[in-house]
Amino acid sequence: VARLAILLSGRGSNMLALVKAIQGGVLQDLAEVAVVFSNKPDAPGLAAAAALGCPTAALPSQGRKRAEFDTEAAALLQQYQPDFVVLAGYMRILSPAFIQPFAGRILNIHPADTHQHQGLHAYEWAFDNHLAETKITVHLVDEGLDTGPILAQRTVDLRGAETLAEVERRGLAVEHELYAETLAELIRVKS
Ligand code: GAR
C-alpha cells in the first residue's frame with residue numbers, strides 16, 4: 001500500500017476526492033494517507049482532513065525564506081515516510097531543497113494543459129479566452145513551474161459554460177476523477 005503525503009494550501013477538494021477514492025474507490029487497497037500537510041495552518045482543507053481522521057501537519061510558510069522553509073517541510077514530511085508527495089492545490093513553487101529528497105515521486109494537478117498555461121488562475125484563463133475546451137494535467141514535479149513530465153491529461157468540455165463558476169465546476173469534476181485514477185495507475189506500475 002503506497003503512502004501518500006497530500007499537500008494543500010486551501011479548500012482541499014482534490015484531497016477530499018483522493019481520500020474518498022482510498023476509502024471506497026479506485027485507490028482502495030492501493031494507497032493510504034500518510035499525512036495531509038499545509039503551509040497554511042488555517043487552510044480549510046486541513047481541518048477537513050482532520051475531521052476525516054487523517055493525520056495532519058502544518059508549517060507556516062509566511063515570512064519564511066523559501067529554501068529554509070522547504071528544507072524544514074521536507075524533513076517534516078520524511079518523518080511520515082511517504083512513497084508519493086501529492087500536491088493538491090499546494091500553491092508554492094518548490095525549491096531543489098524540497099524536490100531532491102522526493103525526486104520523481106512528487107505529483108501535481110494543474111487545471112490547464114501545462115504546455116499552454118502555467119501558474120495561477122488557469123480557469124480564469126480558459127474562461128477569459130472563451131475556450132471551447134481545456135485540459136486537466138497530472139504531471140511529475142521538477143524544478144520549473146508546471147514543466148514536469150506529463151502523466152495524464154483529460155479534456156473538459158467548456159461549450160455553453162457561461163460563468164467562471166461553471167468552468168470551475170466542470171473542471172474540478174474532471175480533476176477529482178483524473179487525479180485518483182492516475183495515481184492508481186502509477187502505484188500499480190511502480191509496485
Ligand atoms: C485546483 O483547481 C488545482 O488544480 C489548482 O488549485 C485548485 C485547488 O483546489 N492548482 C493549481 O492551480 C496549481 N497551479 P482544491 O484545494 O479544492 O483541491
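Structure summary
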quantity: Listed residues LEU172, LEU52, LEU16, most fluctuating in the chain (Gaussian network, C-alpha, under 10 Å); calculated: LEU52
quantity: Dimensions in Å of the chain - Rg and Dmax from alpha carbons; calculated: 15.9, 47
quantity: Calculated P(r) of the range 1-101 - Cα pairs past 20 Å, %; calculated: 32
quantity: Overall dimensions of the range 82-191 as given by Cα atoms, namely Rg and Dmax in Å; calculated: 14.2, 44
quantity: Pairwise centroid distance, computed over Cα atoms, of the range 115-172 with the range 33-98, Å; calculated: 24
quantity: Radius of gyration, Dmax [the range 39-144; alpha carbons; angstrom]; calculated: 15.3, 45
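Where a number appears in this text, it was derived from the coordinates with a stated rule and is not lab data. Note that the coordinates shown come from a computational prediction; the quantities given were computed from them, not determined experimentally.
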